[in-house]
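This report concerns only the one structure given below.
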Amino acid sequence: MNDPAGNAVTELHEIEHTGSEYGTIRIENSVLAVIAHEAAKKVVGVAEIQGGFADGLAGIIGKKAKDRGIRIGAEEEDFRSIDLAIVVEFGVCIPDVCLQLQAAVKRAVEDMTGQPISAVNVVVQGIRSAEPKTEEE
């Protein structure tokens, strides 16, 4: 789900660390989306993180590209799920790429935020050919 602007947050939750002697630390869901995006683009075989129609419209009005195609959901107060929509390179083993992607995103978000991620769900929306198109195609 998107908010009216097509943001990456499915619910307006944030991760909050309490108990620090210095105060409270809050990490917005949009930060989680950027971490997930950065981790995802390093996985071999992932051609693109791709948003849907709402993300496309949001791009027209200036939405940041790093949270397109990424949704953050709140399973419980301290657990988040991450949904990624991707395009893979032609010729890769799709299940292997998705497993590597899930592990990389989960590890990156948990390492950077200290909060557990309950699930990283991947939807493969397309395949990108490595060969350039010719005029005959």
What number of residues within the range 30-51 satisfy the criterion of being surrounded by 21 or more Cβ atoms within 10 Å (Cβ to Cβ) and not in a helix (DSSP H, G or I)? 3
Matching residues in the range 62-119 (exposed (fewer than 15 other Cβ atoms within 10 Å of the Cβ), among the charged types (D, E, K, R) and at pLDDT 95 or above) number 4
Look at the range 11-29 and say how many of its residues are in a loop (DSSP other than H, G, I, E, B) and either at pLDDT 70 or above or among the hydrophobic types (A, V, I, L, M, F, W, C) (or both). 3
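The values are calculated or read from the model by the stated rules, or taken from the named source; none is laboratory data. The structure displayed is predicted, hence computed values, not measured ones. A quick note on method: Cβ atoms are made from the backbone with ideal geometry, for glycine too, and the neighbour counts reach across all protein chains shown.
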